[in-house]
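Enquirer: I am attaching a structure below and will ask some questions about it afterwards.
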Amino acid sequence: MLEVLRIRNLALIDDVELEFSPGLNTLTGETGAGKSFIMRAVDFLMGERMEAKLVRPGTEKASVEALFVLPEGETVIRRELSALTGRSRVYINDTLSSQPTIRDMRSKLVIHTSQHGQQKLLSPSFQAEILDSFLPDPGLVIERNEKLATLQDVLERKRQLLEKYDEVQKQRDFLEYQKKEIEKVDPMPGEEDDLEERKKALKAQERAGECLQNALDVLHGEVGLLDAMTLLTREMEIIARMFPGFEDDRDAIEELRMMLHDLDSRLRRGPKGLGDEDETMSLDDIEERLFELAKLKRKLRKGLDEIVNLKEEIETNLSFLDACALDLKNLSTEESKAAKELSAVLETLNKARKKAAKTLSIRIVDELTDLGFSEHVKVHFDFETRELYPGCEDLRGRLMWVPNPGQTAQPLDKIASGGELSRFLLALVTMRREEDNDHDALPSLIFDEVDAGIGGMTLNSVGAKLRTLADRQQMLLITHWPQLAGKADRHFLIQKEVINDETFTRCKRLDGDEIKQELSRMSGGGEQGDALAEQLLKQ
């Protein structure tokens, strides 16, 4: 049950709080006073969108807050709308929540039946949903949806497979050409970089060998440095004996001669690691391989790594073509199985729909008769067949009716007036609620001018039906009829007030003489209005 509703800074509302009672709560007031907007605020609270321009000018945000009393306890929901960004925030029991969460909760909190609901009733698809909602076993519709989703999934995978097959098949010749060119060269991942490194290393070795040989030539050339040093050492020995002042020079030359002999030995051995590599490719071989790789890159217009990956991709695609026949066969088997299961469910569901249509038609006629329709009114469902898949036929019910004797049956959406649609909607809501046994768990019903287009004795029938329904669960009713407002357990007056050139929507709970005055106003005022108000209050 919706116990308290508070609206702040929304459109013409600065701060309004309504405390509802169980049973029937009516909201009345002149046209344009803001009655429907209060119900729209409830829709906003339940997850519907609202534009930022509806935040009251001069304020940062609007808020709608409600206290619901449920079997499991009290729940407070608040939603705020920012004037600056147009974004909203939802809180459940002061904890930040989300709009999808609120939408999921909506069905157990509020059912809003408005003129928009009447327009939905004109939709053949909505009429089909109504019939399905009265099936004894709702699980049949769920199972039908699941089986249909399974079949559609198989069909989609099959479509994608065939689409890919056609695409790859068109490229087959080109793919095989690319594969042949790649296989001729057979590039390896990172091969080009590896060859460049090896080429660089070989050139370095070649240059090092040349330097070694040149150094050895200096040491052992025509005028070999080692021989010259040996001769120089002998001469310096003689000079040092003759002239002691040259002894240090003799020793230095002897040391240099020994160093050159050591150098000679090391040059002959070569530097450590030089020539140790087991190089199977010569520099010419490497240059030739790099040329082949470069030519392949130019031919395929791709980098070497891309070509290596392309080879794997081509092999995968060509393998796909070979395996496609088996995959299609498996999918066809899945398709056949899914279609068979869907067909079986539909056969059971369609029989249940036809049976439910007869029972529902009788119940609708009874309700409509109570709501002031002729006792000759007739209602039945016509079924149109939709082929979901070859051999899988889905029957969709469409409401047909004869409002008056002598007329031929016509679709509800073709000939029903606004008043007739209002009563149809009320009849369906009443029957739906009769299906629910837990009265405490029933959502609050909101009827926004569901009485539009009716009057006279019919109005009394509608009023009696609304009163009976309100005895089962809480109802919020917006009405312009005093005959309906007079049945309320709690009556609210919605009116506009202008203060300092600003307009405000006000909401007041009426008591005693205030109720009488409002019923008199709704009845036209004056002595006649007072008399009707007095009569309604006595009733």
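The values are calculated or read from the model by the stated rules, or taken from the named source; none is laboratory data. All of these numbers come straight from a predicted model, not from anything done at the bench. Neighbour counts are summed over all protein chains in view; Cβ atoms, including those assigned to glycine, are modelled from backbone coordinates with ideal geometry.
Enquirer: Give just the number: which of (1) among the acidic types (Asp, Glu); (2) free of Cβ contacts under 8 Å to residues at least 12 places away in the same chain; (3) over 29 Å from LYS516 (Cα atoms) does ASP15 not satisfy?
Expert: So the condition that ASP15 fails would be (3).
Enquirer: For VAL462, which of the numbered conditions (1) β-branched (Val, Ile, Thr); (2) crowded, with 22+ Cβ neighbours inside 10 Å; (3) free of Cβ contacts under 8 Å to residues at least 24 places away in the same chain fails to hold?
Expert: Tallying (1) β-branched (Val, Ile, Thr); (2) crowded, with 22+ Cβ neighbours inside 10 Å; (3) free of Cβ contacts under 8 Å to residues at least 24 places away in the same chain, VAL462 fails exactly one: (3).
Conditions (1) crowded, with 19+ Cβ neighbours inside 10 Å; (2) closer than 27 Å to SER422 by Cα; (3) among the aliphatic types (A, V, I, L, M), marked per residue:
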{"site": "LEU466", "(1), (2), (3)": "yes, yes, yes"}
{"site": "ALA488", "(1), (2), (3)": "yes, yes, yes"}
{"site": "THR503", "(1), (2), (3)": "no, no, no"}
{"site": "LYS508", "(1), (2), (3)": "no, no, no"}
{"site": "ASP513", "(1), (2), (3)": "no, no, no"}
{"site": "ARG521", "(1), (2), (3)": "no, yes, no"}
{"site": "GLN528", "(1), (2), (3)": "no, no, no"}
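Enquirer: Do any helices (runs of 4 or more DSSP H) lying entirely in the range 452-539 carry at least 3 residues that are closer than 25 Å to ALA41 by Cα and among the aliphatic types (A, V, I, L, M), and which ones are they? If you could, list the steps in order and put the result at the bottom.
Expert: Working: elements: 456-472, 482-485, 513-522, 526-538.
So the answer is 456-472.
Enquirer: Between a first residue in the range 313-341 that is over 14 Å from ALA149 (Cα atoms) and part of a helix (DSSP H, G or I) and a second residue that is at pLDDT below 85 and polar (S, T, N, Q), which pairs have beta carbons less than 8 Å apart while being 6 or more apart in sequence or on different chains?
Expert: Close Cβ pairs (under 8 Å, with a partner that is at pLDDT below 85 and polar (S, T, N, Q)) amount to ILE314/GLN178; ASN317/GLN171; LEU321/GLN169.
Enquirer: Answer yes or no: is there a residue in the range 200-209 that is modelled with pLDDT under 70 and of a type in the set (A, V, I, L, M, F, W, C).
Expert: The answer is yes; a qualifying residue exists.
Enquirer: Checking GLN160 against (1) touching a residue at least 24 places away in the same chain (Cβ under 8 Å); (2) within 18 Å of ALA323 (Cβ to Cβ), which test does it fail?
Expert: Among (1) touching a residue at least 24 places away in the same chain (Cβ under 8 Å); (2) within 18 Å of ALA323 (Cβ to Cβ), the lone unmet condition for GLN160 is (1).
Enquirer: Sort out which residues of the range 162-187 are in contact with a helix residue (DSSP H, G or I) (Cβ under 6 Å, 6 or more places away or on another chain) and at pLDDT 80 or above, and write them in order of number.
Expert: Listed by number, the list is empty, since nothing qualifies.
Enquirer: If you don't mind, there's one more thing I want to ask. Could you list, in sequence order, the residues of the range 64-84 that are assigned to a loop (DSSP other than H, G, I, E, B) and in contact with a strand residue (DSSP E or B) (Cβ under 7 Å, 6 or more places away or on another chain)? Working first, answer last.
Expert: Pass one, the range 64-84, residues assigned to a loop (DSSP other than H, G, I, E, B): 71-72, 83-84.
The answer is ALA83, and nothing else.
Enquirer: Something else now. Could you check the range 53-74 and list, in sequence order, the residues that are touching a residue at least 60 places away in the same chain (Cβ under 8 Å) and hydrophobic (A, V, I, L, M, F, W, C)?
Expert: ALA66, LEU67, PHE68, VAL69, LEU70
Enquirer: Further question: For residues that are exposed (fewer than 14 other Cβ atoms within 10 Å of the Cβ) and free of Cβ contacts under 8 Å to residues at least 12 places away in the same chain, scanning just the range 75-99, find the one that is nearest to LEU10 (Cα to Cα).
Expert: ARG87
Enquirer: Here is a follow-up. Can you name the condition, by its number, that PHE447 falls short on among (1) surrounded by fewer than 23 Cβ atoms within 10 Å (Cβ to Cβ); (2) closer than 18 Å to GLY32 by Cα; (3) within 38 Å of the chain's Cα centre (by Cα); (4) not small (Gly, Ala, Ser)?
Expert: (1)
Enquirer: What are the pairs, 6+ residues apart or on separate chains, where a residue within the range 348-361 that is closer than 15 Å to GLN127 by Cα has its Cβ under 7 Å from a residue that is assigned to a helix (DSSP H, G or I) and modelled with pLDDT under 95?
Expert: From residues that are closer than 15 Å to GLN127 by Cα, the pairs are ARG353/LEU131; ALA356/LEU131; ALA357/LEU131; LEU360/LEU131.
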